[in-house]
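The values are calculated or read from the model by the stated rules, or taken from the named source; none is laboratory data. Owing to the predicted nature of the structure, the values given are computational and were not obtained by experimental measurement. We place every Cβ from the backbone using ideal geometry, glycine too, and count neighbours over all the protein chains shown. Ligands, DNA and RNA are stripped out before the accessible areas are found, and what is left, the full protein with its side chains, is counted by its heavy atoms. Shrake-Rupley method; radii C 1.70, N 1.55, O 1.52, S 1.80 Å.
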Amino acid sequence: QLDDKSNDVQSVAVKCLGLLVKKVHSSQINDICDKLCSLLLDGLDSLKDIYSIGLKTLITDVPDELGNNVSNRLISRLLNGISTSTDDRKRECIDVLADLIRRFGIHSQSFHEEIIKQLIQLLSSDKLIIRK
């Protein structure tokens, strides 16, 4: 229940993702990707950590054969979040993108130029936490 108003319910829902993504159809994984990414970019500030953990869990536990699909769904939205979000959300997007590239980098070749361009801009940031 990622839409629930209770932080505890959302935390429990995110914790169940690891098991869930191994058992559901690819279209449902697409819906989960879209929902978590939307919540990370536009959801409550107090819950962005939970949404980030949810995306990282999905990336870690999704079956390998869905890596291309997950990468294509998330990369452009995460890059948009990196370029337009607040520093806290930007940091979460960077962390999720790093996990995604670590696991499914081979599926993100069409995005490599854009990823490099964004990362070079981040290296010139005044904020140390962003440059890390």
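In terms of packing, defined here as the mean over residues of other Cβ atoms within 10 angstrom, the peptides 85-93, 52-60, 18-26 line up highest first as 52-60, 85-93, 18-26.
For the range 48-114, the Kirkwood hydrodynamic radius comes to 11.9 Å, computed from all pairs of different C-alpha atoms. Per-residue Karplus couplings for the range 68-84, computed as 6.51 cos²θ - 1.76 cosθ + 1.60 with θ equal to phi - 60°, are listed in order as 4, 4, 5, 4, 5, 6, 9, 4, 5, 6, 5, 4, 5, x, 5, 7, 10 Hz, Gly and Pro entered as x.
Surface analysis of the range 1-113 yields an accessible area of 51 Å² per residue, using protein heavy atoms and a 1.4 Å probe. Distance from the Cα centroid of the range 45-87 to that of the range 94-118 is 11 Å (rounded to whole angstrom). Net charge dipole, the range 26-86: roughly 140 debye, given to the nearest 20, about the Cα centre with Cβ charges of +1 for Lys and Arg and -1 for Asp and Glu. May I ask you to derive the relative contact order of the chain, considering only C-alpha pairs under 8 Å and at least 6 residues apart, and to give it as an integer percent? It rounds to 22 percent for the chain. The magnitude of the dipole of the chain, with charges of +1 and -1 set on the Cβ of Lys/Arg and Asp/Glu and taken from the Cα centre, is near 260 debye.
From helices alone, the chain scores -22500 deg cm²/dmol at 222 nm; the rule is -39500 (n - 2.57) for each run of n ≥ 4 DSSP H residues, then divide by the residue total.
Percent of Cα pairs in the range 19-58 per distance bin of 5 Å, from zero to the largest separation: 6, 27, 30, 21, 12, 5, 0.
Among the protein heavy atoms of the chain, carbon and sulfur supply 51% of the accessible surface, probe 1.4 Å, non-protein parts ignored. Shown here: semi-axes √(5λ) of the Cα gyration tensor in Å, derived from the displayed model; of the candidates [x] 24, 19, 10; [y] 121, 7, 6; [z] 83, 8, 8, it corresponds to [x].
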